[in-house]
Amino acid sequence: MYWQKGYPLNDGKYIIESFLGRGAFGLTYKAVQNNLLKLPVVVKIPDPTLQTDKAYPRYVKKFIQEVEILGRLCREPHPNIVSIIDYIEEGENKTPCLVMEYIAGQDLFKLIEPQDNEVQPLPEHQAVNYICQIGDALTELHNNSIVHRDIHPGNIMLSKGRHPILIDFGLAGEIEPASSFSKGFGNKDFAPYEQFKGSKEPTVDIYGLAATLYYAVTGTTPATSWDRRYNQADLIEPKQYNPNVSNQLNQAIIEGMKLEANERPQSIQIWLNLLVNHSEADDLSSDVGVDYRKLRDLLAAGNWKDADDETLLIMLQAVGREEGNWIREEELLNFPCTDLRTIDRLWVKYSNGRFGFSVQKQIYLSIGGKADGKYDQEAWEQFGDRIGWRVNANWLNYSEVNFYTFAPKGHLPVFVFWCHGIVDIMRFSSLASKLAKCNI
């Protein structure tokens, strides 16, 4: 069953435009919504050419599993995971159809190896930026007990705005002991050898992401894990292909591609931390005896939600209060500079300059706000729009705050400014004034 251009799906709800390609178990088509908007979508179905295979019912089961996984994830959408739009069953055979967002762009393979052009490895900072965003998506998967199991450059789509999005969950599975039906090989150039035996451990994705980064900065696929394990092939260090690769990145890739799963970092976040220079000792100074080690550890792990909670708790400690749900304006105006600098430096460092009080202050000043402790509604609303605290003229509830690594710049921390269900301009303005007086 190959649908031609113009074929109507679901009684004409979607119209097929073109065939896109074949994945592990399915075919994908580009279609459009048959309404005034004519928005493009991707429609994925089980591969009908496999119907004669005695395992075809299992392929369909895997397909339905992909639908269920994406459905679960879309309850709290992640900006770097493809979004599901609809699920329909087509025709007399009730062919299951997964309707997803259409990403106008190209995958990482095509970005690095454009047709009829020479290979163009990515600059290190750009490659790390993409990989960290996909790593954040994988952390979300793993936190939901899901392993993707098919990480490679072809499954990382880049929108026209160069926003990376993880696609193709056809091999994804629950974190559980492998079974005979769980085996899925993925792309052999980017899969660890234990995946060929059915492994569903998170370390499978760590290997795939590290191998993808290897390719991104070298333009060369690494030696396969199978050849390394059984044919004595060597993993050539990325730096030998590209001398511009930093020693730190070179070592991080090697660590993520360790042949044995138990020798790799055991979580995505631990591996991502190897990509960022944390070698210098953190200054945890406090003029009032506050211990900032817990905040440091939460930030280093990328646990932004708990770090946001901890920031309010330690700031209350710093002003001599052990109880309370918010900090007072006068307490912010008199907050000890050393402690404020310590908190800000930790946020800035472990977010790679994305979050922190000083980051927020700079954005506030850039849109015309003043660090004078006074109320400025126009600047406050523009500031809220810029950092994502205000969407469509409505201020977020705390449950709507974005605790992902690539939330809008300046989005965090936020809880310290919360009062009576909203972010409070006077608390922010008071802290901005204190930051200015402390030269932060």
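A few points about this structure:
- Residues of segment 1-51 satisfying the condition of being β-branched (Val, Ile, Thr) and either outside the structural domain of residue 64 (by TED's automatic domain parsing) or under 19 Å from residue 103 (Cα atoms) (or both): 15, 16, 28, 32, 41, 42, 43, 45
- In this structure, residue 355 qualifies as under 21 Å from residue 299 (Cα atoms), crowded, with 19+ Cβ neighbours inside 10 Å and touching a Gly at 6+ places or on another chain (Cβ under 9 Å).
- Those residues of segment 390-409 which are of a type outside the set (Ser, Thr, Tyr) and under 20 Å from residue 136 (Cβ atoms), in sequence order: 396, 400, 401, 402, 403, 406, 407, 408, 409
- The condition of being surrounded by fewer than 22 Cβ atoms within 10 Å (Cβ to Cβ) and modelled with pLDDT under 85 holds for only one of 110, 160, that being 160.
- Segment 359-375, subset touching a Phe, Trp or Tyr at 6+ places or on another chain (Cβ under 9 Å) and under 10 Å from residue 429 (Cβ atoms), residue modelled with the highest pLDDT: 364
- Scanning segment 393-440 for residues that are in contact with a strand residue (DSSP E or B) (Cβ under 7 Å, 6 or more places away or on another chain) and either basic (Lys, Arg) or not assigned by TED's automatic domain parsing to the domain that holds residue 382 (or both) turns up just one, 427.
- Residue in segment 400-415 that is out of contact with any Lys or Arg (no Cβ under 6 Å at 6 or more places or on another chain), buried (at least 17 other Cβ atoms within 10 Å of the Cβ), assigned to a loop (DSSP other than H, G, I, E, B) and hydroxyl-bearing (Ser, Thr, Tyr) present: yes
- Test result for residue 229, part of a helix (DSSP H, G or I) and surrounded by fewer than 18 Cβ atoms within 10 Å (Cβ to Cβ): yes
- Complete set of residues in segment 109-154 that are aliphatic (A, V, I, L, M) and part of a helix (DSSP H, G or I): 111, 112, 127, 128, 131, 134, 137, 138, 141
- Among residues of segment 232-255 being part of a helix (DSSP H, G or I) and over 27 Å from the mean Cα position of the chain (by Cα), the one that is surrounded by the fewest Cβ atoms within 10 Å (Cβ to Cβ) is 240.
- If the condition is being farther than 18 Å from residue 355 by Cα and either of a type in the set (Asp, Glu) or touching a residue at least 12 places away in the same chain (Cβ under 8 Å) (or both), then segment 394-423 contributes 395, 397, 419, 421, 422.
- Residue match in segment 24-45 (condition: of a type outside the set (Phe, Trp, Tyr), modelled with pLDDT under 80, surrounded by fewer than 16 Cβ atoms within 10 Å (Cβ to Cβ) and not in a helix (DSSP H, G or I)): no
The values are calculated or read from the model by the stated rules, or taken from the named source; none is laboratory data. Note that the coordinates shown come from a computational prediction; the quantities given were computed from them, not determined experimentally. Methodologically, a virtual Cβ is constructed for each residue, glycine included, from the backbone with ideal geometry; neighbour enumeration extends over all protein chains shown.
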